[in-house]
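Encoded as structure tokens, the structure appears first; notes follow it.
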Amino acid sequence: MIKLPYFDALLASLERGDPVVERAFGRHVHWGYWPEPQAAELTPEAFAAAAEALTREVCRAAAIGDGQRVLDAGCGFGGTVASLNENHAYMDLCGLNIDRRQLRRARRQVAARPGNRICFVAGDACALPFADRSFDAVVAVECIFHFPDRRRFFAEARRVLKPGGRLALSDFVSTAPLLPVTLWSRLGIGGGFYGRCDLSYTRGGYRRLAEAAGFVVETERDITAGTLPTYSFLRRFGGALQVDAAAIAETGFAELVSRLRLLRYMIYGFRAPDGNG
Ligand SMILES: C[S@@+](CC[C@H](N)C(=O)[O-])C[C@H]1O[C@@H](n2cnc3c(N)ncnc32)[C@H](O)[C@@H]1O
């Protein structure tokens, strides 16, 4: 079973009925995106809107349209599935998560609109329990750093995508000067509040990953500046999660290296070839 102490804290707060956690993280569990970061409002409602904006940017990179079958790998509480359900018609949406507790909440929270279909499935993103060529798009919002192996996930995404299908994701991407610090994270040791997070991929690493799996890179966007208000929000409201000193130190490190532009927040979109496989 994967160890994700931040989800233990989130689930405990939601269980207690904490209104701040419910409003800020009850749907999406990822950083916010503010197109105008200088004007960012730091309320739970504004944070939730920024988290929704980030989801939509990832979905845009996957060029998702009505009538598609979409897999959300690492689906959290089902926020991206909920967003696609609200914004598109005739969808077949599938959320996959390795943590059954999160899936239980997702099933309670997200109901298909008439004409759409939704399923939430337990499984590992690196061993997808789906048939070859069965999805139009695969999205993975801020979760690939937890997966056991990015190469296996890319190969699996490519396998389940139809010819011409898209994979889109968001991730924290290292720059070369940060690599000596982040390479150790590939080994999976030292998982603290955020659990095992492999932050050792660079932009070059992503290009190589895409090429090895047979994808073409369509979108490569650095949205770091638009995500920075997340740290101010977490400083102001993180107390609602009753976090410990280690959690504050990990978040502080991520903020420092992001503000120094050593760690980048990227959105990627990849396209499978028309004659897929
Ligand atoms: C930061 S959360 C993001 C959740 C969701 N994508 C969102 O944006 O709200 C990371 C998610 O990845 C999931 N996860 C971690 N390892 C996984 C794996 N091997 N397979 C599937 N899901 C995984 C976690 O359980 C968690 O839901």
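The values are calculated or read from the model by the stated rules, or taken from the named source; none is laboratory data. Everything quoted here is computed from the prediction, not taken from an experiment. Methodologically, a virtual Cβ is constructed for each residue, glycine included, from the backbone with ideal geometry; neighbour enumeration extends over all protein chains shown. For accessibility, only protein heavy atoms count, side chains too; no ligands or nucleic acids. Shrake-Rupley method; radii C 1.70, N 1.55, O 1.52, S 1.80 Å.
Return a yes/no flag: does the stretch 14-33 have any residue that is part of a helix (DSSP H, G or I) and buried (at least 24 other Cβ atoms within 10 Å of the Cβ). Give the derivation first.
If we filter the stretch 14-33 for residues that are part of a helix (DSSP H, G or I), which is where we start, we get 14-16, 19-25.
Next cut, buried (at least 24 other Cβ atoms within 10 Å of the Cβ) only: 24-25.
Within the stretch 14-33 (the criterion being part of a helix (DSSP H, G or I) and buried (at least 24 other Cβ atoms within 10 Å of the Cβ)), the answer is yes, since at least one residue qualifies.
Go through LEU128, LEU96 for me and flag whichever is assigned to a strand (DSSP E or B), of a type in the set (A, V, I, L, M) and surrounded by 22 or more Cβ atoms within 10 Å (Cβ to Cβ). I'd like the intermediate steps shown before the answer.
Details: LEU128 fails: assigned to a strand (DSSP E or B).
Unique residue meeting the criteria: LEU96.
Given the structure, is GLY192 more than 16 Å from the chain's Cα centre (by Cα) and either modelled with pLDDT under 95 or within 23 Å of ASP274 (Cβ to Cβ) (or both)?
On the way: more than 16 Å from the chain's Cα centre (by Cα): yes; either modelled with pLDDT under 95 or within 23 Å of ASP274 (Cβ to Cβ) (or both): yes.
So GLY192 fits the description; yes.
Hey, can you tell me all the residues within the stretch 223-277 that are on the phi > 0 side of the Ramachandran plot and among the small types (Gly, Ala, Ser)?
Step one: list which residues in the stretch 223-277 are on the phi > 0 side of the Ramachandran plot, which gives 242, 261, 277.
GLY277 - this is the single residue of the stretch 223-277 that is on the phi > 0 side of the Ramachandran plot and among the small types (Gly, Ala, Ser).
Which one of these does ALA51 not meet: (1) within 12 Å of the ligand (Cβ to nearest atom); (2) farther than 18 Å from TYR231 by Cα; (3) assigned to a helix (DSSP H, G or I)?
Condition (2) is where ALA51 drops out.
Exactly one condition in (1) under 22 Å from LEU54 (Cβ atoms); (2) open to solvent by 20 Å² or more (accessible area, probe 1.4 Å) is false for ALA247; which is it?
(2)
I'm checking my understanding of the structure. Among residues of the stretch 197-217 that are of a type outside the set (A, V, I, L, M) and within 19 Å of ALA62 (Cα to Cα), which one is most open to solvent (accessible area, probe 1.4 Å)?
From the stretch 197-217, those of a type outside the set (A, V, I, L, M) are 197-198, 200-208, 211, 214-215; that's our starting set.
Adding the requirement that they be within 19 Å of ALA62 (Cα to Cα) leaves 203, 206-207, 211, 214-215.
Numbers: ARG203: 81, TYR206: 1, ARG207: 115, GLU211: 141, GLY214: 25, PHE215: 14 Å².
My answer is GLU211.
ALA46 - would you say it is of a type outside the set (Lys, Arg), closer than 24 Å to PRO5 by Cα and part of a helix (DSSP H, G or I)? Full working, then the answer.
On the way: of a type outside the set (Lys, Arg): yes; closer than 24 Å to PRO5 by Cα: no; part of a helix (DSSP H, G or I): yes.
Criteria not met by ALA46.
From (1) touching a Cys at 6+ places or on another chain (Cβ under 8 Å); (2) in contact (Cβ under 8 Å) with a residue 40 or more places away in the chain; (3) part of a helix (DSSP H, G or I), pick out the condition that doesn't hold for PHE154.
(1)
Just need a number here: residues in the stretch 62-81 that are open to solvent by 10 Å² or more (accessible area, probe 1.4 Å) and either away from the ligand (no atom under 12 Å from the Cβ) or over 13 Å from the mean Cα position of the chain (by Cα) (or both).
Residues meeting the conditions: 7.
Only one of these is surrounded by 19 or more Cβ atoms within 10 Å (Cβ to Cβ), within 10 Å of the ligand (Cβ to nearest atom) and over 23 Å from PRO5 (Cβ atoms): VAL110, VAL58. Name it.
Numbers: VAL110 fails: within 10 Å of the ligand (Cβ to nearest atom).
On inspection, the qualifying residue turns out to be VAL58.
Any residue at all in the stretch 1-9 that's in a loop (DSSP other than H, G, I, E, B), open to solvent by 70 Å² or more (accessible area, probe 1.4 Å) and within 11 Å of the ligand (Cβ to nearest atom)?
Keep residues of the stretch 1-9 that are in a loop (DSSP other than H, G, I, E, B), which gives 1-4.
Then keep just the ones that are open to solvent by 70 Å² or more (accessible area, probe 1.4 Å); that gives 1, 3.
Still in the list and also within 11 Å of the ligand (Cβ to nearest atom): 1, 3.
Yes, some residue in the stretch 1-9 is in a loop (DSSP other than H, G, I, E, B), open to solvent by 70 Å² or more (accessible area, probe 1.4 Å) and within 11 Å of the ligand (Cβ to nearest atom).
In the stretch 218-239, which residues are in contact (Cβ under 8 Å) with a residue 24 or more places away in the chain, farther than 18 Å from THR202 by Cβ and open to solvent by 20 Å² or more (accessible area, probe 1.4 Å)?
Residues satisfying the conditions are GLU218, ALA225, LEU228, SER232, ARG236, PHE237.
Within the bounds of the stretch 82-93, is there any residue that is outside any helix (DSSP H, G or I), touching a Gly at 6+ places or on another chain (Cβ under 9 Å), away from the ligand (no atom under 11 Å from the Cβ) and of a type in the set (Ser, Thr, Tyr)?
yes
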